[in-house]
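The structure under discussion appears below in the form of structure tokens.
The values are calculated or read from the model by the stated rules, or taken from the named source; none is laboratory data. Since the model is a prediction, treat every value here as computed from it, not as a measurement. Cβ placement follows ideal geometry from the backbone for every residue including glycine, while neighbour counts extend to all protein chains displayed. These area figures cover heavy atoms from the full protein model, side chains too; ligands, DNA and RNA do not enter into them. Shrake-Rupley method; radii C 1.70, N 1.55, O 1.52, S 1.80 Å.
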Amino acid sequence: MYVLDGIAYAGETKKKLSVICARPLDGYRLLVRFSTGESGGFDLETMLNTPAFAPLKDKAEFDRMYIDFGALTWLDGEADLAPEYVYEHCLLYTSPSPRDGLLSR
């Protein structure tokens, strides 16, 4: 049990999940590190046919990714992905994360 703003809840609190750093890779993939300490690869290519992400077919636009409040963000905030979605669809590394070349943004 935990109490938040004077209200008692059953279960345990969950730490807020966020993307803490990411780096564009070849194609439309990203190397992502989460606030949990886990890292993995995320492939955005299948989403490029949706209206929100179609502008990212321009690789230069895709590479302008930044992190805003823990979310992967593009196009001055017009397109973003929640960290929970990225985590659920990310291929997490089972060995120690590849830290070389992963830049915080």
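Less than 5 angstrom separates the built amide H of residue 21 from those of 33, all sequence-distant by 5 or more or on a different chain. Across region 79-88, rounded Karplus estimates of 3J(HN,Hα) from the backbone phi angles (6.51 cos²θ - 1.76 cosθ + 1.60, θ = phi - 60°) give 9, 8, 10, 5, x, 5, 5, 4, 4, 5 Hz, Gly and Pro being marked x.
Maximal additional length on extending the residue 63-residue 94 stretch stands at 8.6 nm, based on 0.36 nm per residue less the C-alpha distance.
For percent of Cα pairs over 21 Å apart, the candidate list reads (i) 38; (ii) 34; (iii) 43; the entry that matches the value derived from this model is (i). Computed from backbone phi, the HN-Hα couplings of region 46-53 come to 5, 8, 5, 8, 8, x, 5, 10 Hz, rounded to whole numbers (Karplus: 6.51 cos²θ - 1.76 cosθ + 1.60, θ = phi - 60°; Gly and Pro given as x). Over the chain, dividing the summed -39,500 (n - 2.57) contributions of all DSSP H runs of at least 4 residues by the number of residues returns a 222 nm mean residue ellipticity of -2000 deg cm²/dmol. Among 55, 24, 83, the largest mean-square fluctuation in a Gaussian network model of the chain, built with springs joining Cα atoms closer than 10 Å, belongs to 55.
Of the solvent-accessible surface of the chain, computed with a 1.4 Å probe over protein heavy atoms with every protein chain present, carbon and sulfur atoms account for 53 percent. Taking 7 Å steps out from each Cα toward its Cβ at residue 5 and residue 47 produces label points 2.7 nm apart. On a per residue basis, the convex hull of the C-alpha atoms belonging to region 39-93 measures out at 81 Å³.
Distant-in-sequence amide contacts of residue 64, defined by a placed amide H-H separation under 5 Å and a gap of 5 or more residues or a different chain, comprise nothing.
Taking every Cα-Cα distance in region 1-57 and sorting them into 10 Å bins starting at zero, the pair-distance distribution P(r) comes out as 20, 29, 25, 17, 9 percent. Applying the Karplus relation 6.51 cos²θ - 1.76 cosθ + 1.60 with θ = phi - 60° to region 58-71 yields 3J(HN,Hα) values of 6, 4, 5, 5, 4, 5, 7, 4, 9, 10, 10, 6, x, 10 Hz, where x marks Gly and Pro.
Relative contact order for the chain: what percent, with Cα pairs under 8 Å and sequence separation of 6 or more? Computed over the chain, the figure is 28 percent.
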